[in-house]
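Values in this text are rule-based calculations from the coordinates and carry no lab data. Predicted, not measured: the structure shown is a model, and the values here were computed from it. Glycine gets a Cβ as well: all are built from the backbone with ideal geometry, and neighbour counts include every protein chain shown.
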Amino acid sequence: MKRTLFLTLVVIAFLGALISTRTGVAGDGRTKSVAPLVKDNPLSNLWSGFYYAKTETKDMQLDDFENPGMLYVEEGEALFNKTAGKADKSCASCHGNVAVSMKEAGARYPVYYPPLKRLINLEQRINLCRSEFQKAERLEYESRELLALTAYVRHQSKGVPVRVKVDGAAEPFFEKGKAFYYQRRGQLDMACSHCHEGNYGKMIRSNQLSQGQANGFPTYRLKWQGLGSLHRRFRGCNKQVRAKPYAFGSENYVNLELYLNWRGGGLEVETPAVRN
Amino acid sequence: MCTPFSGRGKAFAWLPAGLFSVAVLVTPLTFASLLYAADSGDKSREAESSLVSFEIIDNIHSKAIPKSLTGKKGNPKRGEVVMINRKLGNCLACHHLSRFDEKAKALPNKYGDMGEVGPPLDAVAERYDAGQLRLLLVDAKEVFPDTIMPAFYKVKGLHRVLPDYEGKPILEPQDIEDVLSFLLTLK
């Protein structure tokens, strides 16, 4: 009797473990840390901001019907398929089956863009497509339309591990992003590293510090009552230490974006994440 | 907007709403003149400092500012107010102090949500003397070069300070003396 019970328990435990690895629970950065892609990453274990979020916030992110960021994703889908500009083309006219054509983009941006001799992020890529191919006006950074399109495109990469290219032409920009990350700034004289490298997991007042990872952006923040870009978060973190922020889409922030994605290389894209 | 403390601006912004009423208890502020212009450049330019002058003594065993910044003694009661105020010292954002555990329950807006980024301040006066503590408040980086703890009385060598705070230290000299006198009760 006792033996059968024991064996049953063993079998249940085994099946449980099997199912959890099958569904990707192991090493997703949300419940179990991910090993960084590269050896020289200063973090030895990667954690998505999800890990540090409150249970209600986590539940909200995981349920597509409850996740308020999904409204923007739907709006983005509509915009993606709608024609715009003098060329009378939609994004879909060129990019066809989005689940295939956009599967990797969200995990791989920012990239070096030779015509401009600098990096561009997803928002800027979308605007380039608008001006070059759709002959449409560019969308304002942080406008509802650009956030929606960006969220829709990056959502196609959900579950794909972040992997950015930082060598070759991208290298000098990567180095600038890194320098920004470690630069003390503002009246409080703190660098990103002081909060997100040296103290993650600890409470600063009522906030638990995360690793400050970029994998969930654009993110729905309860505090914002809306979706916001990574650059909006950068501006917030700059102002927190009483430092002058840079403009949305500025070169400094795009370089920082590349560096941050490198630090989070291996974490899965979670767009749209929910945070408080 | 034109309150006497608008120059000190908002609380360290990661913190939940603070205590305006407490800020009123604090003496009127003397605003230091601008230290460096708010230009778009990345490098902070040095200029005249309008801070009161003080001397850092650097012995082999310890660094310290032995003399009061104002020539006056501190008031520990007021020091406690400056310390807990989220727009001023905001020390509890990072430090725990067991002496405040009861008050944290009774007055969570003032004493609640003590952080854990810095070491607990219990019995800190047994580890440091007055001159050492004064230096830690003025500029903890003199002692711990890589620290996250802000320098509370420093305006030079900072990068891209928001215009509202340019040239102004986080605390005024008498604030420092008052906080110090409170810390000295922690034995």
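General remarks:
- Only Lys, Arg (+1) and Asp, Glu (-1) charged, at Cβ; the stretch A:128-276 dipole about Cα centre in debye: 560 debye
- Long pairs among A:Lys244/B:Lys87; A:Lys39/A:Lys202; B:Lys63/B:Lys110; A:Lys223/B:Lys154, criterion Cα-Cα beyond 23 Å: A:Lys39/A:Lys202; B:Lys63/B:Lys110; A:Lys223/B:Lys154
- Percent of C-alpha pairs per 10 Å bin, the stretch A:69-155, short to long: 18, 53, 28, 1
- Hits among lysines - C-alpha to C-alpha of B:Lys187 under 17 Å, sequence gap 8 or more where chains match: B:Lys77
- Derived value for the stretch A:114-155: Kirkwood hydrodynamic radius 10.7 Å. Basis is the mean of 1/r over every pair of different alpha-carbon atoms.
- Using the rule -39500 (n - 2.57) for each DSSP H run of four or more residues, divided by the residues of chain A, the 222 nm mean residue ellipticity is -12000 deg cm²/dmol.
- Counted by Cβ distance under 14 Å from B:Leu69, the other residues give a net charge of -1, where Lys and Arg count +1 and Asp and Glu count -1.
- Net charge of neighbours whose Cβ lies under 11 Å from the Cβ of B:Lys103, counting Lys and Arg as +1 and Asp and Glu as -1: 0
- Average projection area in nm² (convex hull over Cα atoms of chain A, one quarter of hull surface): 17.4 nm²
- Sparse-neighbour loop sites [trypsin sites (Lys or Arg not before Pro); the stretch A:72-135; at most 12 other C-beta within 10 Å; DSSP]: A:Lys82, A:Lys86, A:Lys117
- Computed extension length for B:Ser98-B:Glu116: 5.2 nm, one decimal, from 0.36 nm per residue of separation with the Cα-Cα distance subtracted.
- Annotation: Cα Rg of the stretch A:195-236 relative to the compact-globule expectation 2.2 N^0.38 Å equals 1.21.
- Of the chymotrypsin sites (Phe, Trp or Tyr not before Pro) found in the stretch A:112-165, not one falls in a DSSP loop while having at most 10 other beta-carbon atoms within 10 Å.
- Here the stretch B:83-159 is treated as a sphere whose radius is the Kirkwood value from Cα pairs; by Stokes-Einstein at 25 °C and 0.890 mPa s it diffuses with a coefficient of 182 µm²/s.
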